[in-house]
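Peer 1: Take this structure first; my questions come after.
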Amino acid sequence: MSDLFTSAADDRRRMVAPLPERLRPDDLDLVVGQEALVGPGRPLRRAIEEDRIGSMILFGPPGTGKTTIARIVALRTDASFEELSAVDAGKADVRAVTERARDRLAMDGRRTILFLDEIHRFTKAQQDALLPLAESGLIILIGATTESPHVGVIASLLSRCTLYELKSLAPDDLARMVDRGAAALDVTIDDSARDAIARSAGGDGRAALALLEAAAAARADAAATITVELVEQVGRIPIRYDREGDLHYDAISAFIKSLRGSDPDAALWWMHTMLEGGEDPRYVSRRLIVFASEDVGNADPRALPLAVATAQAIQEIGMPEGRIPLAQCVTYLALAPKSNAAYTAGDAARAAVREHGTKLPPDHLRDGSHSGAKALGRGVGYRYPHAEGGFVADQQHLPDELAHLRFYEPTTMGFEARLSAILNELRNQRESSSIPTQE
C-alpha cells in the first residue's frame, strides 16, 4: 500500500514540478548534447543497457545531465537506487544506506546504487568512509560534481571510479530543449526568442527551461507568443560562477592568456565574466599587476605603474565605476609589447643561487665603511660609476667562479629593444677589456 501512495505522490509531484524536472528524460535517446557519452555504441550507454554499471563520477557544468543520467541508471538496472546530496548528508546517512544495501544483498542478492550529488562537498573523512563500500562492491557509487574531480575528490576514491565528463550544451541542443519545453507548456515561441534563450543559457539546459517557463507565466494573454522582449522582461539567466570553483580558475586562466595573446576583446569578456559572477575586483587588479611585470616587463615599463594605479583606483572608487579603470588597464596591457625576459632572468638567478649557494662578493664590492675594512682590502679598487661617466665597462660584479653567468636576455620588443642594445654594448666592452678590476 505504501508503494502505491509513494507512486501516486511521485506522479503528482512531477505534474506540479518546475518545467526542467517535468521534462527530465527517462531514456538515453532523449538525453541532449552528451552523445559522446551515451550515444549509440558508447561505453557508458552499453554499460547501462547491459546492467553492468561500476562506480563512476559524472562531472561537468550545471544543467548538462548528470542527475538525469544517474536516474536513468536507476530505471534501467535491476539494482536498488539510493540518492543523497552531499550538501546536507553526513556519515549517518551513508551508514543507513550501507545497512539497507547489506540487507538487500543478504535477502535477495540485489545490488544498491548510491547516487551522491555534489560529491566534492564531502570532507576527506566522509569520502574516506565511502572507500570500503565502493571497493567491496557492497554499493555502486555514482558521484556527481560541477568541479574537477581531481580537485574535489580524494585520489583513493578516484582510483575506484570511472570518470565521465559532461560538456556544456551547445546552442542548437538548447534550442531543441526549448522547443520541447514550449510543446510541454503548449505555448508558441518565435525563433528569435528561442535562439536568445539558447544563446544566453551558458550551456545550462535547466536554466534555459526555467527562463522559458518564467516567460510563459509572464504573458498578459495566455494565447500570446513568447517574444524576445518578453524574455528580456522576465530577467536574465544568472551568471554561473564560483569564486572557489573550477570556473574561477578557468576564467582567470583564460583572462591572462587572452592578455598574453594580445586579444583585448577576449580579455574584456573574461574579466566581465568574473566581475558579473561576483569576483572581487581587487583580485583582478592584483593579477593585472603581476601580468604587467611578468608578461609585459621592460618591453613597456609604463605597464606596471598603470596596473598599480588601477589597483589604487579600485580602492578609491569601488564598483561599479571601478570597471572603467580596469577596462583601460586591460586594453592597454593586451596591446602592449610583451616580454618575459626580466621574469625569466629573475627565476634563472634564483635557480643559480640555489645551485651554487652563498658566495662572497669580490673584495672591491664589499663594504669598506667600517674600521679596519681597508686594511682587509674591503672596497679597495671599487670604481664609482658616476665618476666614470655613468658606466664602468671593465668592473666585475660577480664572484670569479660565477663571472660567466648570464641571466637577463632582453627581447627586441618595444622599449626593451633599447635595453638590449645597451646591454649588448656593455657586455662586449666588459668582455674585451683587459683593465684589472682592483688596484
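Peer 1: Residues that are surrounded by 21 or more Cβ atoms within 10 Å (Cβ to Cβ) and in a helix (DSSP H, G or I): does segment 153-160 have at least one?
Peer 2: Scanning segment 153-160, I find at least one residue that is surrounded by 21 or more Cβ atoms within 10 Å (Cβ to Cβ) and in a helix (DSSP H, G or I), so the answer is yes.
Peer 1: Within segment 91-114, which residues are under 31 Å from the mean Cα position of the chain (by Cα) and assigned to a helix (DSSP H, G or I)?
Peer 2: Correct list: K91, V94.
Peer 1: Tell me the helices (runs of 4 or more DSSP H) entirely within segment 23-79 that contain at least 2 residues that are small (G, A, S) and touching a residue at least 40 places away in the same chain (Cβ under 8 Å).
Peer 2: 66-76
Peer 1: In addition: From the residues in segment 137-152 that are assigned to a strand (DSSP E or B) and either hydroxyl-bearing (S, T, Y) or under 23 Å from the mean Cα position of the chain (by Cα) (or both), which one is farthest from V73 (Cα to Cα)?
Peer 2: Top of the filtered list is T145.
Peer 1: Cβ-Cβ below 6 Å, separation at least six or inter-chain, first residue in segment 393-418 and free of Cβ contacts under 8 Å to residues at least 12 places away in the same chain, second of a type in the set (S, T, N, Q) and in a loop (DSSP other than H, G, I, E, B): which pairs?
Peer 2: Here the result reads A403/Q396, each pair linking segment 393-418 to a residue that is of a type in the set (S, T, N, Q) and in a loop (DSSP other than H, G, I, E, B).
Peer 1: Quick check on this structure: which one of E118, E135, E82, E147 is in contact with a Gly (Cβ under 7 Å, 6 or more places away or on another chain) and assigned by TED's automatic domain parsing to the domain that holds R46? Quick ask: steps written out before the conclusion?
Peer 2: Numbers: E118 fails: in contact with a Gly (Cβ under 7 Å, 6 or more places away or on another chain); E135 fails: in contact with a Gly (Cβ under 7 Å, 6 or more places away or on another chain); E82 fails: in contact with a Gly (Cβ under 7 Å, 6 or more places away or on another chain).
Sole residue among the options that is in contact with a Gly (Cβ under 7 Å, 6 or more places away or on another chain) and assigned by TED's automatic domain parsing to the domain that holds R46: E147.
Peer 1: Okay, moving on. Taking the options A214, A210, A201, A196, name whichever one is at pLDDT below 90, of a type outside the set (V, I, T) and surrounded by fewer than 22 Cβ atoms within 10 Å (Cβ to Cβ).
Peer 2: Numbers: A214 fails: at pLDDT below 90; A210 fails: at pLDDT below 90; A201 fails: surrounded by fewer than 22 Cβ atoms within 10 Å (Cβ to Cβ).
Answer to the check: A196.
Peer 1: Cβ-Cβ under 9 Å, sequence separation 6+ or interchain: first residue in segment 246-258 and in a helix (DSSP H, G or I), partner of a type in the set (S, T, N, Q). Which pairs?
Peer 2: Partner pairs satisfying both residue conditions: D246/T146; D246/S148; L247/T146; L247/T273; Y249/S148; A251/T273; A254/T273; F255/T273.
Peer 1: Looking only at segment 359-387, which residues are under 53 Å from the mean Cα position of the chain (by Cα) and without any contact (Cβ under 8 Å) to a residue 12 or more places away in the chain?
Peer 2: The answer is Y384, P385, H386.
Peer 1: Here's something else I'd like to know. Answer with yes or no whether D88 is out of contact with any Lys or Arg (no Cβ under 8 Å at 6 or more places or on another chain), in a loop (DSSP other than H, G, I, E, B) and exposed (fewer than 13 other Cβ atoms within 10 Å of the Cβ).
Peer 2: yes
The values are calculated or read from the model by the stated rules, or taken from the named source; none is laboratory data. Because the structure is a prediction, the values reported are computed rather than measured. Cβ sites come from the backbone with ideal geometry, for glycine too, and all protein chains shown count toward neighbours.
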